[in-house]
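The structure appears below as structure tokens.
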Amino acid sequence: MRLADLSTHIAGLSLDRYAGRIAAVNGLIVEAVGPEQAMALGARARVVSDEVDARLEVVGYRDGRALLMPYETVEGLRAGSALVFEPNAPTLAPSRAWLGRVIDAFGNPVDGKGALANGQVPRLVKAAPVASHARTRVGGRMETGVRSLDVFCALCAGQRMGIFAGSGVGKSVLLSMLAKGANADVIVIGLIGERGREVREFLEDTLGPEGLRRSVVVVATSDESSLKRRQAAHTAMTVAEHFRDEGAHVLCLLDSVTRFAMAQREIGLAAGEPPATRGYTPTVFAELPKLLERAGPGPLLDNGRAGAITGLFTVLVEGGDHDEPVADAVRGILDGHLVLERAIAERGRYPAINILKSVSRLMPGCHAPHEQELVREARKALGRFAEVEELVRLGAYRRGADQLTDRAIALSEPLEAFLTQRKDERTTFQQSFSALAGIIGQQG
């Protein structure tokens, strides 16, 4: 940092210092007393003593006391401990030096590669989304390298898409294919509530050096506090916004929105918020759009360019119920959804995307007329085969009874092969549509 920049930074620092003390500890909640002006909702405090160094956040109020939750653990905290409140909202200062690195919810490196070089412009971690009238329009279609996605559920630059799936159906593999093959400048990956042992496996095996090279990975594992898991999602969006405001096209992969919602539910319940739908508190459904709306097209920059954040957010559907509260709320916010099905994965087809249940709301404007015709023909065949598949397997359908059904049966195996793709395989738009045209033409 240059001396002039350092001087400006120092001049902007607040000299106010607010202190309070812990009055009680109940479960995960710490009750505190102190100056009212310091204890705004979302304000942070720190306990610094010889025994413990803990960070906390104000999450509510009760009987004239502030309710705080710790980012680490309540162990070691005690009544009477001094609290020092931070006067400013939490910020991050991302930079290009963060590419290829793995950070935690606070932006600290956790990959053992040394300190991170921060940028010169701090950004609010929980920033408001770009105003709707200030955004540019969604850009042209984005090539992901995944055939089933590019052809049947094409993405545009700045679009937001949900990936709805149960556990163990290939979400992580699909995310790695996108990180390696998508036509984006920067990849930001948020692993929220991930199993600890899977983080390194994802980085080294699934993502690999090629994917990590142009990525920033934000990690908050399942054993970390709900505050950290919630913050990690916002940290990922903050990093993505930094690169977007440099004019870059950013692909933001967040796994998963469900664990973000669960973290917010834990915070709300601990603060005394009443449970609503299936135990989820009202703030869960208030926080979801605030997070997801941060993705999308950016504002027009001074140089005439406009960056964009294309967001893909995974949603864990409990018991295969795609109408559970979080899935239903997220589907209403986003611009489309991909449905991964266990039955498709069990028969060995990956990515296990159910084409008939997946929708991209911006796709009609993505493809040329002849490409749209190929997609219609393929969807028609897939839909007809899905209707008679059980009859065919039982031998109850007699060929020749219906011309469209016969065509759908003939196309089923070639289309199944077309939708199957190895995780290290990448295809272009031209290759994908040429292959599809060959399949449709052979049975024309």
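Quick rundown of the values:
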| quantity | calculated |
| --- | --- |
| Failed criterion for G181 (all others in (1) under 16 Å from the mean Cα position of the chain (by Cα); (2) within 27 Å of A435 (Cα to Cα); (3) surrounded by 21 or more Cβ atoms within 10 Å (Cβ to Cβ); (4) of a type outside the set (S, T, N, Q) hold) | (1) |
| The listed residue being among the hydrophobic types (A, V, I, L, M, F, W, C) and surrounded by fewer than 20 Cβ atoms within 10 Å (Cβ to Cβ), out of A248, A236 | A248 |
| Count - residues of region 355-395 that are of a type outside the set (S, T, Y) and part of a loop (DSSP other than H, G, I, E, B) | 6 |
| Filter result (part of a strand (DSSP E or B), touching a residue at least 24 places away in the same chain (Cβ under 8 Å) and more than 12 Å from G80 (Cα to Cα)) within region 20-47 | I29, R44, A45, R46 |
| Members of region 316-333 that are in a loop (DSSP other than H, G, I, E, B) and open to solvent by 20 Å² or more (accessible area, probe 1.4 Å) | D321, H322, D323 |
| Subset of region 11-38 (residues that are out of contact with any Leu (no Cβ under 8 Å at 6 or more places or on another chain) and modelled with pLDDT of 80 or more) | A23, A24, N26, G27, L28, V33, P35, E36, Q37, A38 |
| Condition met for D150 (under 22 Å from S226 (Cα atoms) and buried (at least 17 other Cβ atoms within 10 Å of the Cβ)) | no |
| Residue in region 391-401 that is over 29 Å from the mean Cα position of the chain (by Cα), among the aliphatic types (A, V, I, L, M) and crowded, with 19+ Cβ neighbours inside 10 Å present | no |
| Residues of region 166-180 satisfying the condition of being in contact with an Asp or Glu (Cβ under 8 Å, 6 or more places away or on another chain) and either closer than 22 Å to A240 by Cβ or modelled with pLDDT of 90 or more (or both) | K171, S172, L175, K180 |
| Whichever residue in region 332-343 is more than 19 Å from the chain's Cα centre (by Cα) and in contact (Cβ under 8 Å) with a residue 24 or more places away in the chain and, among such residues, is nearest to G311 (Cα to Cα) | E341 |
| Those residues of region 212-233 which are of a type outside the set (A, V, I, L, M, F, W, C), buried (at least 24 other Cβ atoms within 10 Å of the Cβ) and without any contact (Cβ under 8 Å) to a residue 60 or more places away in the chain, in sequence order | R230 |
| One residue from I344, I333 being in contact with a Pro (Cβ under 6 Å, 6 or more places away or on another chain) and either under 19 Å from Q159 (Cα atoms) or among the β-branched types (V, I, T) (or both) | I333 |
| Those helices (runs of 4 or more DSSP H) lying entirely in region 109-221 with at least 1 residues touching a helix residue (DSSP H, G or I) at 6+ places or on another chain (Cβ under 7 Å) and closer than 18 Å to A233 by Cα | 171-181 |
| Contacts under 8 angstrom Cβ, first residue in region 167-183 being on the phi > 0 side of the Ramachandran plot, partner aliphatic (A, V, I, L, M) and surrounded by fewer than 22 Cβ atoms within 10 Å (Cβ to Cβ), 6 or more apart | G168/A345; G170/A345 |
| Residue in region 193-211 that is on the phi > 0 side of the Ramachandran plot and in contact (Cβ under 8 Å) with a residue 24 or more places away in the chain present | yes |
| Any hit, region 299-311, residues being without any contact (Cβ under 8 Å) to a residue 40 or more places away in the chain and either farther than 30 Å from M177 by Cβ or within 21 Å of the chain's Cα centre (by Cα) (or both) | yes |
| Residue within region 292-308 that is open to solvent by less than 50 Å² (accessible area, probe 1.4 Å), modelled with pLDDT of 95 or more and part of a helix (DSSP H, G or I) present | yes |
| Qualifying residues in region 270-290 (those that are charged (D, E, K, R) and part of a helix (DSSP H, G or I)) - the one most open to solvent (accessible area, probe 1.4 Å) | R278 |
| Tally of residues being under 19 Å from I267 (Cα atoms), of a type in the set (A, V, I, L, M, F, W, C) and open to solvent by 90 Å² or more (accessible area, probe 1.4 Å) across region 39-64 | 1 |
| Residue count for region 269-292, restricted to those that are among the charged types (D, E, K, R) and within 19 Å of G311 (Cα to Cα) | 2 |
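Quick grid of which residues meet (1) open to solvent by less than 50 Å² (accessible area, probe 1.4 Å); (2) modelled with pLDDT of 95 or more; (3) out of contact with any Phe, Trp or Tyr (no Cβ under 9 Å at 6 or more places or on another chain):
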residue: D335; (1), (2), (3): yes, no, yes
residue: E346; (1), (2), (3): no, no, yes
residue: L362; (1), (2), (3): no, no, yes
residue: H367; (1), (2), (3): yes, no, no
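The values are calculated or read from the model by the stated rules, or taken from the named source; none is laboratory data. Just so you know, these numbers come straight off a predicted model, no measurement behind them. Don't worry about glycine lacking a Cβ; one is built from the backbone with ideal geometry, like all the others, and counts go over all protein chains shown. In case anyone asks, the SASA skips ligands and DNA or RNA and just uses the protein heavy atoms, side chains included. Shrake-Rupley method; radii C 1.70, N 1.55, O 1.52, S 1.80 Å.
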